[in-house]
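K.L.:
Sharing a structure with you now.
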Amino acid sequence: MHPKKINATVVLTIALPLFAIVASVGTAIVAVSSGDPPLPDEYHWEGDKLDHDFAESRRAAELNVRAVLDLQPRNGECHLTLTLAGAAPPAVDVALIHVSRASLDRHMRFLPTADPSQFSAPCSAVPSTSWHMELSDAENTWRFRSDAAGDLHNVVLASAAPAKDST
């Protein structure tokens with residue numbers, strides 16, 4: 001008597017769906033036993049902060065805030081020219097956030113000069129690299145963010161309304 005040959009096509013036809021079922025059950029077990037944790041109780045605070053941040057960005061867009069920033073110091077000072085619809089603020093805060101090295105982050109407060117649209121702040125040379133920038137007035141009634149790279153000489157920053165979520 002000859003031993004029967006195993007048909008490879010039949011084995012694959014049965015083994016592949018069987019493997020998919022076993023893998024699906026395994027995935028379900030992993031998902032149920034170690035899924036994402038629930039949101040923290042304080043999550044609504046974070047959402048409130050995010051809503052406030054969007055409101056400040058919308059306010060900056062309503063005021064059509066535009067700034068020309070020169071962070072190449074002359075006599076130890078950096079300069080900012082600000083235009084907006086409305087009264088000039090008593091001070092403008094600028095945060096420079098380095099894209100990868102927190103040790104290079106800087107926060108500067110620009111104060112008005114004799115010309116209400118011109119502001120200056122003491123500063124030292126800023127490395128020529130990529131930055132995330134945030135501008136806001138001293139009272140935090142408006143704020144917007146932008147990105148810049150290079151030597152940060154006469155960088156133009158303009159506010160825009162935050163994108164609306166379509167969901």
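The values are calculated or read from the model by the stated rules, or taken from the named source; none is laboratory data. None of these values were measured; they are calculated from a predicted model. Here the Cβ positions follow ideal geometry from the backbone for every residue, glycine too, while neighbour counts run over all protein chains shown.
K.L.:
Is there any pair linking a residue in region 90-112 that is touching a residue at least 24 places away in the same chain (Cβ under 8 Å) to one that is polar (S, T, N, Q) and in a loop (DSSP other than H, G, I, E, B), with Cβ under 9 Å and at least six apart or on different chains, and which?
P.N.:
ASP93/ASN140
K.L.:
Something else: Taking the criterion of being within 25 Å of LEU50 (Cα to Cα), of a type outside the set (Lys, Arg) and out of contact with any strand residue (DSSP E or B) (no Cβ under 7 Å at 6 or more places or on another chain), would at least one residue in region 67-83 satisfy it?
P.N.:
Initially, region 67-83 is screened for residues within 25 Å of LEU50 (Cα to Cα), giving 67.
From what is left, the residues that are of a type outside the set (Lys, Arg) are 67.
Then keep just the ones that are out of contact with any strand residue (DSSP E or B) (no Cβ under 7 Å at 6 or more places or on another chain); that gives none.
Within region 67-83, none of the residues are within 25 Å of LEU50 (Cα to Cα), of a type outside the set (Lys, Arg) and out of contact with any strand residue (DSSP E or B) (no Cβ under 7 Å at 6 or more places or on another chain).
K.L.:
What are the residue pairs meeting all of these: first residue in region 40-57, first residue part of a helix (DSSP H, G or I) and aromatic (Phe, Trp, Tyr), second residue surrounded by 12 or more Cβ atoms within 10 Å (Cβ to Cβ) and at pLDDT 75 or above, Cβ atoms under 7 Å, and 6 or more apart or on different chains?
P.N.:
From residues that are part of a helix (DSSP H, G or I) and aromatic (Phe, Trp, Tyr), there are no pairs.
K.L.:
Tell me which residues, restricted to region 1-37, are over 46 Å from the mean Cα position of the chain (by Cα), of a type in the set (Val, Ile, Thr) and not in a loop (DSSP other than H, G, I, E, B). Before the answer, list the steps.
P.N.:
Looking only at region 1-37, we keep the residues that are over 46 Å from the mean Cα position of the chain (by Cα), and these are 1-15.
Then keep just the ones that are of a type in the set (Val, Ile, Thr); that gives 6, 9-11, 13-14.
Passing the criteria: THR9, VAL10, VAL11, THR13, ILE14.
K.L.:
Let me ask something additional. Taking region 103-150, which residues are among the aromatic types (Phe, Trp, Tyr) and either within 20 Å of GLY76 (Cα to Cα) or outside any strand (DSSP E or B) (or both)?
P.N.:
PHE110, PHE119, TRP142
K.L.:
Another question, if that's okay. Quick check on region 134-150. Is at least one of its residues more than 16 Å from ALA61 (Cβ to Cβ) and touching an Asp or Glu at 6+ places or on another chain (Cβ under 6 Å)?
P.N.:
Scanning region 134-150, I find no residue that is more than 16 Å from ALA61 (Cβ to Cβ) and touching an Asp or Glu at 6+ places or on another chain (Cβ under 6 Å), so the answer is no.
K.L.:
Let me ask something else. (1) among the hydrophobic types (A, V, I, L, M, F, W, C); (2) touching a residue at least 24 places away in the same chain (Cβ under 8 Å); (3) outside any strand (DSSP E or B): which one isn't true of ALA85, the others all being true?
P.N.:
All conditions are met except number (2).
K.L.:
Are there any pairs with C-beta distances below 7 angstrom linking a residue in region 58-76 that is under 19 Å from PHE110 (Cα atoms) to a residue that is among the charged types (D, E, K, R), with the two at least 6 apart or on different chains, and if so which?
P.N.:
Once the first residue is under 19 Å from PHE110 (Cα atoms) and sits in region 58-76, its partners that are among the charged types (D, E, K, R) give ALA60/ARG143; GLN72/ASP151.
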